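Worksheet: one structure, shown below.
Values in this text are rule-based calculations from the coordinates and carry no lab data. If you're wondering where the values come from, they're calculated on a predicted model, not measured in any experiment. When we count neighbours, we look across all protein chains shown, and the Cβ atoms used for this are built from the backbone with ideal geometry, even at glycine.
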Amino acid sequence: MGEYPFFDHEDLWPLEGEIMGLEYKISRSSSARGKQIYSEKLHLRGGIQARFLPAGHVLGAGGILFHQGRRSLFYTGDISLQAQALIPGAILPEEKIDTLILECTYGNDPAYYSQNRQEEIQSFAREAGPILSAGGCVLIPAFALGKTQELLCIIYQLMRTEKIPSVPLFISGLGKSITEIYQEHRRYLRPQASILSFDLFSVLGYLDDLSIQDLLKDPCIIVATNGMMVENTPSARIARWMVSEKRHGIFFCGYVDPDTLGYRVFHSRPGEALAFSPEGDPVTIQNPNIRRFYLSSHADRYELLEVARRIKPRNIVLIHGEREGMEFMKEELEGEFQVWMGERGKTVELD
């Protein structure tokens with residue numbers, strides 16, 4: 001862990017006067033599109049006004065719109081135009097915007113179409129059903145915030161409609177804590193979202209080798225952190241045992257960074273040896289049921305282009321994406337807008 005820049009309290013104290021906490025207070029206002037949910041307008045230093053707009057990503061996620069005099073800037077944050085099982089789609093600003101800062105998480109993935117979400121859920125059911133019926137387990141690596149709660153809702157609906165067998169469902173401890181926050185703030189979820197799905201799980205305990213082997217004896221679904229299967233997280237520890245048995249399934253349902261263990265697991269093939277940690281022995285892959293389903297809480301590359309064209313800013317700064325994807329976005333947009341690719345530590349000077 002030596003490569004990570006850890007900071008202690010003394011390092012952060014000089015920043016105390018520069019950090020301002022902003023409360024995301026919700027209000028509703030009329031617009032050409034009907035009643036919209038916005039946050040209250042916040043007044044910052046230097047005559048800057050700010051307002052959050054729901055980003056459609058996870059509970060509480062928001063883009064932020066800044067105004068200073070006649071100038072305006074909108075930062076999308078992580079965004080999804082399509083509604084999910086729990087979260088309504090993003091709301092975009094309707095006023096004129098000078099500069100748009102646009103995330104590009106899926107800019108490099110032409111296979112992901114967010115509008116195919118229901119088809120992906122049905123594909124998930126078709127793959128999971130036979131594995132569970134035959135006595136296997138299904139592991140879904142998932143982030144504790146957002147993805148875990150979305151999957152609980154989807155799995156509950158699939159069990160209720162008998163698309164998959166009703167088997168025990170386990171989640172990580174942090175996922176449980178955040179699920180309780182979702183329950184507390186369910187008024188911000190979609191009206192049709194089923195909160196019953198949050199009561200149908202057990203929490204994973206300590207995961208040593210014996211407890212994992214015991215967990216995998218009977219059919220179950222395990223939604224475990226980390227979503228990208230970072231080394232030594234619950235999803236990585238469980239996957240290490242599941243890859244060596246043919247009866248289980250490992251289903252990725254979100255973005256997986258190419259530099260992570262999850263990416264290597266997803267692209268592994270039976271017969272290959274894969275190390276799950278620097279100090280551990282490699283494991284021979286036997287499992288043929290390692291799949292990916294596009295149940296992302298991010299916009300696809302086509303929606304990202306739609307965001308830019310609906311907002312129609314003068315300037316666009318592309319951030320948070322693989323370089324090839326950002327280059328695709330820049331090529332698509334620079335005939336219509338002035339487009340920059342954001343780089344860490346680099347200043348972008350706008351007209």
- Max mean-square fluctuation residue, GNM over the chain, Cα-Cα springs under 10 Å, options 146, 271, 62: 271
- Task: Hey, can you grab everything whose amide H is under 5 Å from the amide H of residue 224? Only 5+ residues off in sequence or another chain; H modelled, so Pro and N-termini drop out.
- Result: 140, 142
- How far is helix 173-184 tilted, in degrees, relative to the longest principal axis of the Cα atoms in the chain, given as a value from 0 to 90 rounded to the nearest 10? 50
- Message: Over the chain, what portion of Cα pair distances is larger than 40 Å, expressed as a whole percent?
- Response: 18
- Message: Which residue fluctuates most in the GNM of the chain (Cα springs below 10 Å): 340, 241, 13?
- Response: 13
- Query: Would you list 222, 238, 97 from fewest to most Cβ contacts within 10 Å?
  - Reply: 97, 238, 222
- Message: Please list, by residue number, every one of the trypsin sites (Lys or Arg not before Pro) in the stretch 212-242 that is coil in DSSP and has at most 16 other beta-carbon atoms within 10 Å.
- Response: 217
- Task: Report, in degrees rounded to the nearest 10, the 0 to 90 angle that the Cα long axis of helix 323-333 makes with the longest principal axis of the chain.
- Result: 40
- Output ³J(HN,Hα) for the stretch 104-119: one whole-Hz value per residue in order, computed from phi by the Karplus curve 6.51 cos²θ - 1.76 cosθ + 1.60 with θ = phi - 60°, and x for Gly and Pro. 9, 3, 9, x, 9, 10, x, 7, 8, 10, 5, 5, 8, 4, 5, 5
- Cα Rg over Rh - the stretch 291-351, Kirkwood: 1.01
- Message: As an exercise, identify the GluC sites (Glu not before Pro) in the stretch 234-301 lying in DSSP coil whose Cβ has no more than 12 other Cβ atoms within 10 Å.
- Response: 279
- Which links in 176/217; 147/312; 312/346; 96/330 stretch past 27 Å when you go from one Cα to the other? 147/312
- Item | 0 to 90° range, to nearest 10: angle between helix 301-311 axis and the chain longest Cα axis | 20
- Query: Which loop trypsin sites (Lys or Arg not before Pro) in the stretch 36-126, with loop taken from DSSP, have no more than 14 other Cβ atoms within 10 angstrom of their Cβ?
  - Reply: 41, 70, 96
- Task: Quick one: among 215, 139, 318, which has the greatest mean-square fluctuation in a GNM of the chain with alpha-carbon springs under 10 angstrom?
- Result: 215
